[in-house]
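To start, the structure itself, in structure tokens.
The values are calculated or read from the model by the stated rules, or taken from the named source; none is laboratory data. From a predicted model like this one, the values you see are computed outputs, not experimental measurements. Cβ placement follows ideal geometry from the backbone for every residue including glycine, while neighbour counts extend to all protein chains displayed.
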Amino acid sequence: MNIVEKILARASGRNNVYPDDVVFANVDKVMVHDVSGPGVLKVFDKLKKQGFDIEKLWDSSKVWVAEDHFVPSADKISAENIVKLSNFTKKYGIAKHFKYGMGQYGICHTLSHEEALVMPGDVYVGGDSHTNTTGALGAFACGLGHTDVAYVLLNGKIWFKVPETIYFKLNGKLPDHVMAKDFILKIIGDIGTDGGNYKTMQFGGSGIDAMSVESRLTLCNMTTEAGAKNGIVEPDQKVVDYLTSRGAINVSLIKGNHDAEYAQIIEYEGSEMEPLVAKPFSPENIAIVREAPSIELDKSYIGSCTGAKYEDLEAAAKILKGKKVKIRTEVLPASISIYKRAMENGLLKIFLDAGVTVGPPTCGACCGAHMGVLAKDEICISTTNRNFPGRMGHVESQTYLSSPLVAAASAITGKITDPRDLN
Amino acid sequence: MKGNIIKYEQDNIDTDVIIPGQYLKIHDYAELATHAMEGLDPDFHSKVKEGNFILSGKNFGCGSSREHAPIALSHSGIKAVLALSFARIFYRNAVDGAFLLPIEIQEDAYKGISEGDEIDIDVSKNEIKNLTKNHTYKMKPFSEIIGKIIEAGGLFNYKPD
């Protein structure tokens, strides 16, 4: 069995599972946020009317709650949703509720690793499609809708069809100017936005071994854009150190068996990777940055669970240091812990000196919610994950997806720019 | 189950066009319905009728896990989406929440069925009859668990063996 099959076998009390088996897996952790939480409560209301008992969760200690999409509250409705979340965590005794304005908070997927909320080998489900992100810690991490999350909250388990696994092997390190974001864009360009549909996308090889945990998080994050059920990297000592430094104890490793089977193995050479962008209107619409259209950009956006981890901000700051931005540029650190580190290490000063607006942690404009959404015909380069029509604002705005290095270089020139081509 | 077709002849209809992100804060199902398909077809709300079906290409519902997507379609009156394939979260949201039937079809049905055609979906025979054109197509059968959850009326009413 490979790592995902081992996790799902353990969680469903079986000795073996095979792709296409349907299992009811016991869930170890579950997350909701200010969009899926009120959605789940709506399901609870419906269930109550049908006579279901919704007075007790299966295990409140395994549930955690984030405020991220429309915070700080964007308007009256989002403020009411935040109140609903607070009532929810109070009623059910959920201690792990990360509230904005009260210390650590941030994007749900960022908290999963910054707060060491998920461990290797866990079955972790969340009411958000980018729950896949956390597979980088060696968990089976999968996004679900409101009904399914409500089911997990009340029953502690959920059905899964055991996925086939595509193994992406990266031979050798990525060059300095190439980030994990470029590699995952390359993969999505190759296999398409449904190339991973229903499947696991696993990453391995010497290039992955050499990667930081945060880079692996970027890879797993955007398996969602290939339609994958989950993304995963077999955990190693780096993951143990990462989680231990964030307060976790007794982190144990899990790996696939030596005879693990994969539906397909796709190999890439690290040295051949280049900075890429995904052009509007699909993450699979890939171009090499040096061959990208020479268009005038209106904005550079460095934010989201995909592109505003500490490492992402560090990459952007390396480019922006001592420079001025030519177009509107926003940096929104993905959590308060990252924000603080960026402050302590001088990154915020670099951004502010360059003319960047630094905003609070939020999903913000990534999902067209608030905090810098795009107007008609505006063109944005963004470290986020999707560029469907209207994703970041007006349906006739355009988003190019890129790494933080490319987004920062483009902020300086106002055009889509390879960081190697800056003077 | 009979209904008339609203056809979108394209692949990858994503959740951002089915229900744009700005409406994610809304949890009133009727209000969500007024914004269904707004990112692709601003006229959808005025033309959709109770009992209509949507016909589309591959990877329908790709993108986000927002259950708002099947909710908005279902509360607009859509009883089934017929597509060459579905994105996984949209598919399981549609089934587990009992919002609408996701019917996987083949190229012949995708090409052969036109906007406005009246069709009859017979899940027991895995058949789709085009009553307007008097033609029958095969649909992909539901997997065992999906069939059982649909029959039960959603995940909460389904009793695992």
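So which residues in segment A:7-41 are touching a residue at least 24 places away in the same chain (Cβ under 8 Å), away from every other protein chain (no Cβ under 12 Å) and assigned to a loop (DSSP other than H, G, I, E, B), if there are any at all?
If the condition is that a residue be touching a residue at least 24 places away in the same chain (Cβ under 8 Å), away from every other protein chain (no Cβ under 12 Å) and assigned to a loop (DSSP other than H, G, I, E, B), then A:Val17, A:Tyr18, A:Pro19, A:Val27, A:Asp28 are the ones that fit.
Filter segment B:49-59 down to the residues that are within 14 Å of another protein chain (Cβ to nearest Cβ) and either assigned to a strand (DSSP E or B) or touching a Pro at 6+ places or on another chain (Cβ under 9 Å) (or both) and list them by number. It would help to see each step written out before you state the result.
Kept after step one, since they are within 14 Å of another protein chain (Cβ to nearest Cβ), are these residues of segment B:49-59: B:56-59.
Across segment B:49-59, the qualifying residue is only B:Ser56.
Any residue at all in segment A:153-165 that's in the same structural domain as A:Val65 (by TED's automatic domain parsing), in a helix (DSSP H, G or I) and either farther than 30 Å from A:Trp58 by Cβ or among the small types (Gly, Ala, Ser) (or both)? Outline the logic, then answer.
Start the filter on segment A:153-165 by keeping residues that are in the same structural domain as A:Val65 (by TED's automatic domain parsing), which leaves A:153-165.
So of that shortlist, the ones also in a helix (DSSP H, G or I) come out as A:153-155.
Within this subset, residues satisfying the condition of being either farther than 30 Å from A:Trp58 by Cβ or among the small types (Gly, Ala, Ser) (or both) are none.
Scanning segment A:153-165, I find no residue that is in the same structural domain as A:Val65 (by TED's automatic domain parsing), in a helix (DSSP H, G or I) and either farther than 30 Å from A:Trp58 by Cβ or among the small types (Gly, Ala, Ser) (or both), so the answer is no.
Identify, from the list A:Tyr92, A:Tyr100, the residue that is more than 14 Å from every other protein chain (Cβ to nearest Cβ), touching a Ser or Thr at 6+ places or on another chain (Cβ under 9 Å), over 28 Å from B:Ala94 (Cα atoms) and not β-branched (Val, Ile, Thr).
Numbers: A:Tyr92 fails: over 28 Å from B:Ala94 (Cα atoms).
Result of the check over A:Tyr92, A:Tyr100: A:Tyr100.
Quick one: is A:Gly172 at positive phi and surrounded by 24 or more Cβ atoms within 10 Å (Cβ to Cβ)? Break it down stepwise before answering.
Values: at positive phi: yes; surrounded by 24 or more Cβ atoms within 10 Å (Cβ to Cβ): no.
Judged against the criteria, A:Gly172 is not a match.
Residues that are at positive phi, touching a residue at least 60 places away in the same chain (Cβ under 8 Å) and either buried (at least 22 other Cβ atoms within 10 Å of the Cβ) or within 24 Å of the chain's Cα centre (by Cα) (or both): does segment A:371-378 have at least one? Let's see the steps before the verdict.
So the first thing to find is which residues in segment A:371-378 are at positive phi, and the list is A:371-372, A:377.
Now restrict to residues that are touching a residue at least 60 places away in the same chain (Cβ under 8 Å): A:371-372.
In the following step, the residues that additionally are either buried (at least 22 other Cβ atoms within 10 Å of the Cβ) or within 24 Å of the chain's Cα centre (by Cα) (or both) were identified as A:371-372.
Scanning segment A:371-378 turns up at least one residue that is at positive phi, touching a residue at least 60 places away in the same chain (Cβ under 8 Å) and either buried (at least 22 other Cβ atoms within 10 Å of the Cβ) or within 24 Å of the chain's Cα centre (by Cα) (or both).
On the given criteria, is B:Ile26 in contact (Cβ under 8 Å) with a residue 24 or more places away in the chain, in a loop (DSSP other than H, G, I, E, B) and away from chain A (no Cβ under 14 Å)?
On the way: in contact (Cβ under 8 Å) with a residue 24 or more places away in the chain: yes; in a loop (DSSP other than H, G, I, E, B): yes; away from chain A (no Cβ under 14 Å): no.
So B:Ile26 does not fit the description; no.
If you check A:Val118 against the conditions, is it in a helix (DSSP H, G or I) and over 25 Å from A:Pro280 (Cα atoms)? Give the derivation first.
Numbers: in a helix (DSSP H, G or I): no; over 25 Å from A:Pro280 (Cα atoms): yes.
Answer is no for this residue.
Restricting attention to segment A:42-73, and to residues there that are at the interface with chain B (Cβ under 8 Å from one of its Cβ atoms) and in contact (Cβ under 8 Å) with a residue 24 or more places away in the chain, which single residue is surrounded by the fewest Cβ atoms within 10 Å (Cβ to Cβ)?
It comes out as A:Phe52.
For segment B:85-120, enumerate the residues that are more than 14 Å from chain A (Cβ to nearest Cβ), among the β-branched types (Val, Ile, Thr) and under 13 Å from the mean Cα position of the chain (by Cα). It would help to see each step written out before you state the result.
Kept after step one, since they are more than 14 Å from chain A (Cβ to nearest Cβ), are these residues of segment B:85-120: B:101, B:103, B:105-120.
So of that shortlist, the ones also among the β-branched types (Val, Ile, Thr) come out as B:103, B:105, B:113, B:119.
Answer for segment B:85-120, where residues must be more than 14 Å from chain A (Cβ to nearest Cβ), among the β-branched types (Val, Ile, Thr) and under 13 Å from the mean Cα position of the chain (by Cα): B:Ile103, B:Ile105.
I'd like the full set of residues that are more than 23 Å from A:Ile188 (Cα to Cα) and either of a type in the set (D, E, K, R) or in a loop (DSSP other than H, G, I, E, B) (or both), limited to segment A:396-412.
If the condition is that a residue be more than 23 Å from A:Ile188 (Cα to Cα) and either of a type in the set (D, E, K, R) or in a loop (DSSP other than H, G, I, E, B) (or both), then A:Glu396 is the only one that fits.
What strands (runs of 3 or more DSSP E) completely inside segment B:60-149 contain at least 2 residues that are among the charged types (D, E, K, R)? Steps first, please.
Working: elements: B:80-83, B:101-104, B:118-122, B:127-130, B:135-138.
Where strands (runs of 3 or more DSSP E) fall fully within segment B:60-149 and carry at least 2 residues being among the charged types (D, E, K, R), they are B:118-122, B:127-130.
Can you report the number of residues in segment A:103-123 which are surrounded by 24 or more Cβ atoms within 10 Å (Cβ to Cβ) and more than 27 Å from A:Lys340 (Cα to Cα)?
1
Only one residue in B:Ser46, B:Ser56 is among the small types (Gly, Ala, Ser) and surrounded by fewer than 21 Cβ atoms within 10 Å (Cβ to Cβ). Which one?
Working: B:Ser56 fails: surrounded by fewer than 21 Cβ atoms within 10 Å (Cβ to Cβ).
Of the residues listed, the single one that is among the small types (Gly, Ala, Ser) and surrounded by fewer than 21 Cβ atoms within 10 Å (Cβ to Cβ) is B:Ser46.
Among what's in segment B:104-121 and is free of Cβ contacts under 8 Å to residues at least 40 places away in the same chain and out of contact with any Phe, Trp or Tyr (no Cβ under 8 Å at 6 or more places or on another chain), pick the residue that is farthest from B:Lys47 (Cα to Cα).
So, considering only residues that are free of Cβ contacts under 8 Å to residues at least 40 places away in the same chain and out of contact with any Phe, Trp or Tyr (no Cβ under 8 Å at 6 or more places or on another chain), the one farthest from B:Lys47 (Cα to Cα) is B:Glu107.
Could you tell me whether segment A:260-270 includes any residue that is touching a residue at least 40 places away in the same chain (Cβ under 8 Å) and under 22 Å from the mean Cα position of the chain (by Cα)? It would help to see each step written out before you state the result.
Here is the first cut: in segment A:260-270, the ones touching a residue at least 40 places away in the same chain (Cβ under 8 Å) are A:260-270.
From the residues that got through so far, the ones that are under 22 Å from the mean Cα position of the chain (by Cα) too are none.
No: zero hits.
Right, B:Ser46: in a helix (DSSP H, G or I), of a type in the set (Ser, Thr, Tyr) and either modelled with pLDDT of 95 or more or over 26 Å from A:Phe44 (Cα atoms) (or both) or not? Please lay out each step first, then the result.
On the way: in a helix (DSSP H, G or I): yes; of a type in the set (Ser, Thr, Tyr): yes; either modelled with pLDDT of 95 or more or over 26 Å from A:Phe44 (Cα atoms) (or both): yes.
Here the answer is yes, as B:Ser46 does meet what is asked.
Report the residue count in segment B:150-161 for those that are touching a Ser or Thr at 6+ places or on another chain (Cβ under 8 Å) and in a loop (DSSP other than H, G, I, E, B).
Step one: filter segment B:150-161 for residues touching a Ser or Thr at 6+ places or on another chain (Cβ under 8 Å), giving B:154-156.
Those still in the list that are in a loop (DSSP other than H, G, I, E, B) too: B:154.
Selection size over segment B:150-161: 1.
Could you go through segment A:156-168 and let me know if any residue there is buried (at least 24 other Cβ atoms within 10 Å of the Cβ) and within 12 Å of another protein chain (Cβ to nearest Cβ). Give the derivation first.
Our first condition is that a residue be buried (at least 24 other Cβ atoms within 10 Å of the Cβ); within segment A:156-168, this holds for A:160, A:163, A:165, A:168.
Now restrict to residues that are within 12 Å of another protein chain (Cβ to nearest Cβ): A:160, A:163.
Checking segment A:156-168: at least one residue is buried (at least 24 other Cβ atoms within 10 Å of the Cβ) and within 12 Å of another protein chain (Cβ to nearest Cβ).
Just checking, which of A:Lys340, A:Lys318, A:Lys326, A:Lys415 is at pLDDT 95 or above, over 22 Å from A:Ser282 (Cβ atoms) and either outside the structural domain of A:Pro280 (by TED's automatic domain parsing) or part of a loop (DSSP other than H, G, I, E, B) (or both)?
Numbers: A:Lys340 fails: either outside the structural domain of A:Pro280 (by TED's automatic domain parsing) or part of a loop (DSSP other than H, G, I, E, B) (or both); A:Lys318 fails: either outside the structural domain of A:Pro280 (by TED's automatic domain parsing) or part of a loop (DSSP other than H, G, I, E, B) (or both); A:Lys415 fails: over 22 Å from A:Ser282 (Cβ atoms).
Answer to the check: A:Lys326.
Looking at A:Ser73, A:Ser78, which is the one that is modelled with pLDDT of 95 or more, in a helix (DSSP H, G or I) and among the hydroxyl-bearing types (Ser, Thr, Tyr)? Full working, then the answer.
Details: A:Ser73 fails: in a helix (DSSP H, G or I).
Checking each option against the conditions leaves just A:Ser78.
So A:Val65 ticks every box in (1) outside any strand (DSSP E or B); (2) within 27 Å of B:His68 (Cβ to Cβ) but one. Which box is left unticked?
Checking A:Val65 against (1) outside any strand (DSSP E or B); (2) within 27 Å of B:His68 (Cβ to Cβ), the one that fails is (1).
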